[in-house]
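Here's the structure we're looking at; comments come further down.
The values are calculated or read from the model by the stated rules, or taken from the named source; none is laboratory data. Fair warning: this is a prediction, and the values are worked out from it, not measured in the lab. Here the Cβ positions follow ideal geometry from the backbone for every residue, glycine too, while neighbour counts run over all protein chains shown.
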Amino acid sequence: MTHRDPTYAPDRRLLTRSQAAANLAVNVRTLARLLAAGELPCVRIGRAVRIRADDLDEFIERRRSPTGRS
């Protein structure tokens, strides 16, 4: 992976919106709606928005179906 790859995160502690969206396989607009609705917490550093990798993992676990079905 390179720094131009949207999933590239050398530390993976804080992800950009593009990286988090790529990890969820959704559009950045969908991720923005999740953030705005408070369904996924974020960290604001000035004007930059970052998503903790642990928060993203917890978000995925909360939505995981016990049977694997949707």
Within the stretch 6-22, which residues are part of a loop (DSSP other than H, G, I, E, B), more than 8 Å from the chain's Cα centre (by Cα) and either surrounded by 14 or more Cβ atoms within 10 Å (Cβ to Cβ) or at pLDDT below 70 (or both)?
6, 7, 8, 9, 10, 11, 12
Mind checking which residues of the stretch 46-65 are more than 13 Å from the chain's Cα centre (by Cα) and more than 16 Å from residue 18 (Cα to Cα)?
46, 62, 63, 64, 65
